[in-house]
Amino acid sequence: MMPGLALAALTVTGCSVADPDTSQVVLHYTGGAFSSQQFEYCTQPGIREIGGAGDFDFYYPAGQRTYVFSERPGADAPPIRVSTKNQTELIVRGAITFTLNPDCRAFTDATGREWKGGKLQKFHDTIGRQNTAYAGSGGEAMPAGWKNVLNIYVGAPAERAMDNAGIGFNWQDLYSNVDSKNAWTRAVEERLPQLIKDQAGDDLFLINNIQLDKPDVPDSLRAELENNQAAGLRQQTAQTDQQAAQSFPGGLAAYQDYQQKQAINKAIAEGRVNPLIVPQGSPVIVGGPR
């Protein structure tokens with residue numbers, strides 16, 4: 001190999017390569033081991049670019065992503081517990097569809113700081129970098145730091161928005177009244193984008209859609225409701241029996257005898273007892289298990 005070609009091969013080998021797949025965007029920073037990192041440019045999804053030796057590339061998701069809170073396998077977080085006016089927490093499952101703001105145009109934020117790489121650079125320098133929320137190469141899965149960022153900057157504001165809206169309703173209304181549930185959902189949709197912006201320090205996450213399932217009751221309250229319902233049914237049955245006994249020919253004693261015979265006949269029909277008929281004049285009819 002000629003000396004010039006060898007030098008060219010060595011130079012290319014030492015370069016950094018930004019090679020995002022179609023679902024990633026890359027922030028390219030210059031600076032080697034002995035100098036501070038400086039933002040240089042963004043690389044758009046599916047575009048391959050070669051940087052200088054010792055430069056750094058940070059990969060983030062491009063396009064819509066979904067933050068899921070439920071018990072489903074693969075969910076980003078468990079269901080969210082929501083406070084209500086009468087101090088009973090309900091459980092909410094759902095999903096928030098968002099986009100990491102891909103704007104890489106230079107801008108000056110509200111504090112007067114200039115960002116050459118736009119909202120995307122601000123996200124990386126203020127949030128992504130300190131949480132190690134970036135991937136290191138094209139096609140690589142996002143690390144645990146990315147999920148941590150979502151919990152802090154999407155999940156936590158979502159919980160606040162639901163709580164703030166929930167305290168305006170009794171739990172019974174959110175659980176069983178469609179109009180109340182819809183009003184609560186609208187309140188969450190109105191409040192959540194601003195809460196996320198406040199948490200992140202800018203509109204670094206763009207909210208595309210919010211899907212909230214019907215609020216559910218915790219297991220302890222569900223058991224209480226079922227017990228109350230069963231008690232109500234028992235009371236209703238007792239009242240029905242009392243009314244039937246009063247109008248039954250022969251009164252209460254005759255009605256109870258009738259009910260007993262009905263129970264015996266049902267047990268025989270279902271095969272739970274074997275009847276044994278004894279000779280006439282005997283005082284009992286004996287039945288036993290098979």
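Going by what's in this entry, would Thr99 be described as surrounded by fewer than 16 Cβ atoms within 10 Å (Cβ to Cβ), over 28 Å from Met162 (Cα atoms) and modelled with pLDDT of 95 or more? Write out each step before concluding.
Details: surrounded by fewer than 16 Cβ atoms within 10 Å (Cβ to Cβ): yes; over 28 Å from Met162 (Cα atoms): no; modelled with pLDDT of 95 or more: yes.
The answer is no for Thr99.
If I filter the stretch 62-79 for residues that are acidic (Asp, Glu) and in contact with a Leu (Cβ under 7 Å, 6 or more places away or on another chain), do I get at least one hit? Even if it seems obvious, please write down each step before you answer.
Initial filter on the stretch 62-79 (acidic (Asp, Glu)): 71, 76.
Okay, now just the ones that are also in contact with a Leu (Cβ under 7 Å, 6 or more places away or on another chain), so 76.
Yes, the stretch 62-79 contains a residue that is acidic (Asp, Glu) and in contact with a Leu (Cβ under 7 Å, 6 or more places away or on another chain).
So is Ala133 touching a Pro at 6+ places or on another chain (Cβ under 8 Å) and closer than 22 Å to Thr66 by Cα or not? First the steps, then the outcome.
Working: touching a Pro at 6+ places or on another chain (Cβ under 8 Å): yes; closer than 22 Å to Thr66 by Cα: yes.
So Ala133 passes the test.
Might you check whether a residue that is modelled with pLDDT of 90 or more and more than 30 Å from Tyr175 (Cβ to Cβ) occurs anywhere in the stretch 44-53?
Of the stretch 44-53, the ones modelled with pLDDT of 90 or more are none.
Looking for residues that are modelled with pLDDT of 90 or more and more than 30 Å from Tyr175 (Cβ to Cβ), one finds none in the stretch 44-53, hence no.
Failed condition for Lys147, given (1) open to solvent by less than 60 Å² (accessible area, probe 1.4 Å); (2) out of contact with any Leu (no Cβ under 8 Å at 6 or more places or on another chain), with all others met?
Single failed check for Lys147: (1).
For the stretch 176-183, does any single residue satisfy the condition of being open to solvent by 80 Å² or more (accessible area, probe 1.4 Å), at pLDDT 85 or above, in a helix (DSSP H, G or I) and of a type in the set (A, V, I, L, M, F, W, C)?
Filtering the stretch 176-183 for residues open to solvent by 80 Å² or more (accessible area, probe 1.4 Å) gives 176, 178-179.
Keeping just the survivors that are at pLDDT 85 or above gives 176, 178-179.
Checking the rest, the ones that are also in a helix (DSSP H, G or I) come to 176, 178-179.
Those left that are additionally of a type in the set (A, V, I, L, M, F, W, C): 178.
Yes, the conditions are met somewhere in the stretch 176-183.
Condition check: under 25 Å from Leu206 (Cα atoms) and either among the charged types (D, E, K, R) or in contact with a helix residue (DSSP H, G or I) (Cβ under 9 Å, 6 or more places away or on another chain) (or both). Does Tyr59 satisfy that?
Values: under 25 Å from Leu206 (Cα atoms): yes; either among the charged types (D, E, K, R) or in contact with a helix residue (DSSP H, G or I) (Cβ under 9 Å, 6 or more places away or on another chain) (or both): no.
Against the criterion (under 25 Å from Leu206 (Cα atoms) and either among the charged types (D, E, K, R) or in contact with a helix residue (DSSP H, G or I) (Cβ under 9 Å, 6 or more places away or on another chain) (or both)), Tyr59 does not qualify.
Does the stretch 83-90 contain any residue that is farther than 21 Å from Lys181 by Cβ and open to solvent by 70 Å² or more (accessible area, probe 1.4 Å)? Spell out the reasoning first.
Filtering the stretch 83-90 down to residues farther than 21 Å from Lys181 by Cβ leaves none.
No, the conditions are met nowhere in the stretch 83-90.
The values are calculated or read from the model by the stated rules, or taken from the named source; none is laboratory data. Values in this document were obtained by computation on a predicted structure and should not be read as measured data. For neighbour counting, all protein chains shown are included, and Cβ atoms are generated from backbone atoms with ideal geometry for every residue, glycine included. SASA here: full protein model, heavy atoms, side chains in, ligands and nucleic acids out. Shrake-Rupley method; radii C 1.70, N 1.55, O 1.52, S 1.80 Å.
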